[in-house]
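Take a look at the structure below.
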């Protein structure tokens, strides 16, 4: 994936210690992955790399917003996301990514493309049920909500006048105990 070259971290030339990388993720990033669930994206990714003699420790922190459609009203809104993941990179004979927290790279590798980890971090940060904040507090004014309210079942009138008199005799059975 050539467009993701800017997300490649060459760790071979880095000194031991902590190194920081920052990325600004927009809609274009998700177009590369052909992921179209987000209308727009404004997420900042901070990557902290701690290089040690035998391994690399990555910490990815995502903060920002993704514009998604509400599952109830289909109204677009900005969903705030804040999440982080950690990844340990060890070196071995062959590439192995069976464990989601430990990545094993061959000894001959000198760089790591972190785009897939950034993608997964952002996608997994969004809740599975996306509800516009205006739905829960009642401030959202949309045609869909008006129609849902219009079509919702009305509460039954609990006046005694509307109750069938046969029910009253049945209720006496409950209170006569």
Checklist entry - Looking at 69, 113, 99, which is the one that is in contact with a strand residue (DSSP E or B) (Cβ under 6 Å, 6 or more places away or on another chain), more than 30 Å from residue 131 (Cα to Cα) and modelled with pLDDT under 95? => result 113
Checklist outcome for this item: Among (1) free of Cβ contacts under 8 Å to residues at least 60 places away in the same chain; (2) farther than 20 Å from residue 48 by Cβ; (3) surrounded by fewer than 18 Cβ atoms within 10 Å (Cβ to Cβ), residue 101 falls short only on (2)
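Please verify whether residue 87 is surrounded by 12 or more Cβ atoms within 10 Å (Cβ to Cβ), modelled with pLDDT under 85 and touching a helix residue (DSSP H, G or I) at 6+ places or on another chain (Cβ under 7 Å), treating the condition exactly as stated.
no
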Checklist outcome for this item: Expected single match for touching a strand residue (DSSP E or B) at 6+ places or on another chain (Cβ under 6 Å) and farther than 30 Å from residue 149 by Cβ among 79, 10 is 10
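The values are calculated or read from the model by the stated rules, or taken from the named source; none is laboratory data. Predicted, not measured: the structure shown is a model, and the values here were computed from it. With ideal geometry, Cβ positions are generated from the backbone for all residues, glycine too; neighbour counts draw on all protein chains shown.
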